[in-house]
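The values are calculated or read from the model by the stated rules, or taken from the named source; none is laboratory data. The structure presented is a predicted model; accordingly, all values stated were derived computationally and were not measured. As a convention, Cβ positions derive from the backbone with ideal geometry for all residues, glycine included, and neighbour counts pool all protein chains shown. Keep in mind that these areas ignore ligands, DNA and RNA; they rest on the heavy atoms of the full protein, side chains included. Shrake-Rupley method; radii C 1.70, N 1.55, O 1.52, S 1.80 Å.
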Amino acid sequence: MKLRGLYAITDSQLLAGRFLSYVEAALAGGVCLLQYRDKSDDAARRLREAEALAKLCERYGTQLVINDDAELAARLGVGVHLGQTDGPLTPARALLGRDAIIGSTCHAQLELAEQAAAEGASYVAFGRFFNSVTKPGAPAADLALLGQARARVQLPIAVIGGITLDNAAPLVAQGADLLAVIHGLFGADSAQEVTRRARAFNALFAS
């Protein structure tokens, strides 16, 4: 499948009390890829939520990846997204098989993207591009990086970090394939607004 469009990432605190309703609202607006991101130690809840998301994604034809947990991904038969502290991608690729989606955080470094590509990544993620609520201290990336990455890595490129409907268009214009969004999508007052934002993000790829 082609990885191009809105890449929604869950946030347990932001979505507290409306987790599944807001995720389903986003899926209804069109999500290319959904990442379940939960940094807590509550393994039972994480399994329960991930299973619920897997069912939702199946219904909407959306691919699911789990943040930083290849074992949970293998249990559900879905993909994984790995950060730089999670070790090489090779063991995850061996565990999940040839067809699983495996993403890699590359911050603002082309060398990390090239390494991820060599290790079997399905896409590479660069960021942050703007000030981010989720990771206020993350290293900053710029638009020029996208053009350089396009020339050097033959993989879909995800961009992350403070992305909103007001600032996303230049990223798509510079070659971003996936807009990874948390607050800019789910920080909404209603499920209807989440759906509207999802459609608007995807519309940026149509022009």
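Counting only residues that are in a helix (DSSP H, G or I) and open to solvent by 20 Å² or more (accessible area, probe 1.4 Å), how many does the stretch 196-206 have?
Result for the stretch 196-206: 6.
Against the definition (among the β-branched types (Val, Ile, Thr), over 24 Å from residue 11 (Cβ atoms) and over 14 Å from the mean Cα position of the chain (by Cα)), how does residue 90 come out, yes or no?
yes
So if I check each of 54, 74, which one is small (Gly, Ala, Ser), in a helix (DSSP H, G or I), in contact with a helix residue (DSSP H, G or I) (Cβ under 6 Å, 6 or more places away or on another chain) and open to solvent by less than 30 Å² (accessible area, probe 1.4 Å)?
54 is the lone residue from the list that is small (Gly, Ala, Ser), in a helix (DSSP H, G or I), in contact with a helix residue (DSSP H, G or I) (Cβ under 6 Å, 6 or more places away or on another chain) and open to solvent by less than 30 Å² (accessible area, probe 1.4 Å).
Any residue that is closer than 23 Å to residue 141 by Cα and surrounded by fewer than 18 Cβ atoms within 10 Å (Cβ to Cβ) - is there at least one of those in the stretch 97-106?
Within the stretch 97-106, not a single residue is closer than 23 Å to residue 141 by Cα and surrounded by fewer than 18 Cβ atoms within 10 Å (Cβ to Cβ).
In the stretch 61-70, is there at least one residue being open to solvent by 20 Å² or more (accessible area, probe 1.4 Å), assigned to a helix (DSSP H, G or I) and aliphatic (A, V, I, L, M)?
no
Checking residue 85 against (1) modelled with pLDDT under 95; (2) assigned to a loop (DSSP other than H, G, I, E, B), only one condition comes out false. Which one?
Condition not satisfied by residue 85: (2).
Identify, please: which residue in the stretch 120-170 is surrounded by fewer than 21 Cβ atoms within 10 Å (Cβ to Cβ) and basic (Lys, Arg) and is, among those, nearest to the chain's Cα centre (by Cα)?
Across the stretch 120-170, the extreme among qualifying residues is 135.
Looking at 40, 12, can you tell me which residue is over 20 Å from residue 201 (Cβ atoms) and open to solvent by less than 40 Å² (accessible area, probe 1.4 Å)?
Going through 40, 12 in turn, the sole match is 12.
I'm checking my understanding of the structure. Among residues of the stretch 171-192 that are farther than 26 Å from residue 104 by Cα and touching a residue at least 12 places away in the same chain (Cβ under 8 Å), which one is most open to solvent (accessible area, probe 1.4 Å)?
Applying the filter and picking the extreme gives 192.
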